[in-house]
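Read-outs: derived from the displayed coordinates by stated rules, not from any lab. Because the structure is a prediction, the values reported are computed rather than measured. Every residue, glycine among them, receives a Cβ derived from its backbone with ideal geometry; neighbour counts consider all protein chains shown.
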Protein chains: 2
Amino acid sequence: MLIQTAVRRGSPQGRLPIEGQDDLGGPIDCMGALISHRRKEEIYGEGEPADYLYKVVSGTARTSKVLADGRRQIGGFYVAGDVFGLETGEEHSFSAEAISDCKLIVIKRSALVALAARNHDMARQLWAITSMELRRVEEHILLLIKSARERVATFLLEMAERIPTGNAVELPMSRQDIADYLGLTMETVSRNLTILENAATIELPSSRRIVLRNRSALNRLNA
Amino acid sequence: MLIQTAVRRGSPQGRLPIEGQDDLGGPIDCMGALISHRRKEEIYGEGEPADYLYKVVSGTARTSKVLADGRRQIGGFYVAGDVFGLETGEEHSFSAEAISDCKLIVIKRSALVALAARNHDMARQLWAITSMELRRVEEHILLLIKSARERVATFLLEMAERIPTGNAVELPMSRQDIADYLGLTMETVSRNLTILENAATIELPSSRRIVLRNRSALNRLNA
DNA sequence: CGTGATCTTGAGGGAATTCAATGTCGGTGG
DNA sequence: CCACCGACATTGAATTCCCTCAAGATCACG
């Protein structure tokens, strides 16, 4: 199947890139169809039936929610190996969009649920995915009570860990995306990146490329 | 963690849990021991083995996490019918404390997981509990990006919904607890309650008792 | 009644936002 | 090729909102 053409990232073992989800690869990867989304395309909308879940093969996606007055919160960013869109309810509580051109494996939820009813291991995996997501969102809450400086530092460390390319990180998302993820304004994110740059903690060769020069300084801000 | 002696085994027939979790009542209620915790007692600590999960019979509990510099985040409040402490990992990521004197049903996780391996319905329920918690935490994130006024208003509506006693709410938690839940200071919470009172949106017969006078005003702030 | 814990209120300061202007980059067409 | 354009990002100035610090007020309880 097409799934095998998934891009390989820098993991030496040649296994799935994201830690903790390796065991989910096999069964799930074999059940879905591979689809592509262009940059900025909507993958699903808030309130739509949650009939499918998605596993990122390449590219980056985000989930988001827009409040009545236009404020937007980004629930999370999803890179190769990540799963999103899994709900127990009937509807998606967030919408999802492609940040960069994306290849995704799409799996029908009902198929997984039916399989889980017979296969205990699959049931355990569905639970594990939800549970991991829960832990991620709990971490996100801790982020939102920190100062702007700390949020930005934590964000950089998180991204560096999830897109492991040494000390240089190629951010797939805009400043506005980062701001809406961190609960800040674009300007505040930008200012704090500049401050970190002036402190020689990071380098900004271009706006989307960030080099972590002093990780311990970032970790100190990670509180 | 304090080891409590079980007050009673099993559970009386016909207990009626709280809305939305009714279906979880039967199987789970029958599997655990009933224990009591006094006000302010720790139920479990962050990083401790997540060997048990808890269902509130009476009273209120909270989960919380303290950052290195002393800032505290409250993950959630749990009232009669709510389940907390369920993790897929080996350790609790938050600690849990009794806010008021509490009776809890304690269930061994390994027993549930073992049962889930044979009983698909139990597996589905474990997933449902985690999934509900995920949705709750996602809502919490939306709270944390709002203004102080909005957070307080949303909190009041949430509590009024979860402790359904008409328009009067008897809050089991302190202002500091509310503040740490909302990502604000105690003073800011207090000030905004006063403002809402002066606007005739709520009444404060005592600091812990709040009467919602104008729900639509609160809903308007709910954004 | 005191005493401590909890809550409210006030004044001042600071961090993040808002509004506005300038700067940078990648693409497109002259 | 480079000039221009739009999208995105940075920087500046003023303001707003929340926090900090401090002083009272209220409540529960011995």
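Annotations
- Diffusion coefficient of chain B by Stokes-Einstein, Kirkwood radius over Cα pairs, 4 °C, 1.567 mPa s: 70 µm²/s.
- When the C-alpha to C-alpha distance is required to be over 27 Å, the pairs from A:K40/A:K108; B:K40/B:K108; A:K65/B:K103; A:K108/B:K108; A:K103/A:K146; A:K65/B:K55 that qualify are A:K65/B:K103; A:K108/B:K108; A:K103/A:K146; A:K65/B:K55.
- Karplus 3J(HN,Hα) series, Hz, for region A:58-66 with 6.51 cos²θ - 1.76 cosθ + 1.60 (x for Gly, Pro): 8, x, 9, 10, 9, 10, 8, 9, 10
- Mean Cβ neighbour count within 10 Å, used as a protection proxy, ranking A:108-115, A:87-94 highest first: A:87-94, A:108-115
- Residue-span extension gain [B:R39 to B:E90] - 0.36 nm each, minus C-alpha spacing: 15.7 nm
- Placing pseudo-labels 7 Å out from each Cα toward the beta carbon at B:S216 and B:S110 gives an inter-label distance of 5.8 nm.
- Residue-span extension gain [A:D69 to A:A199] - 0.36 nm each, minus C-alpha spacing: 43.2 nm
- q = 0.05, 0.06, 0.07, 0.09 Å⁻¹: log10 I(q)/I(0) that the Debye formula gives for the protein assembly as shown, counting C-alpha atoms only: -0.19, -0.27, -0.38, -0.63
- Cα gyration tensor category, rounded, prolate or oblate, for region A:148-222 with a/c compared to 1.5: rounded
- Estimated dipole of the protein assembly as shown in Debye, rounded to 20 [Cβ of Lys and Arg +1, of Asp and Glu -1, Cα centre]: 520
- Cβ-based charge dipole, chain A, positive-most Cα from A:C102, A:A153, A:V83: A:A153
- Counting all C-alpha pairs of region B:47-107, share separated by more than 12 Å (%): 65
- Packing-based exposure ordering (other Cβ within 10 Å, fewest first) of A:L171, B:L67, B:L196, A:L126: B:L67, A:L171, B:L196, A:L126
- Helices in the protein assembly as shown, meaning DSSP H runs of at least 4 residues, each add -39500 (n - 2.57). Divided by all residues, the mean residue ellipticity at 222 nm is -12000 deg cm²/dmol.
- Basic side chains Lys and Arg get +1 at the Cβ, acidic Asp and Glu get -1 at the Cβ, and with that the dipole of chain B about its Cα centre reaches some 460 debye.
- The residue list B:T188, B:L144, B:L112 was ranked by how far each Cα lies along the charge dipole of chain B toward its positive end, using unit charges on Cβ atoms, and B:T188 comes out on top.
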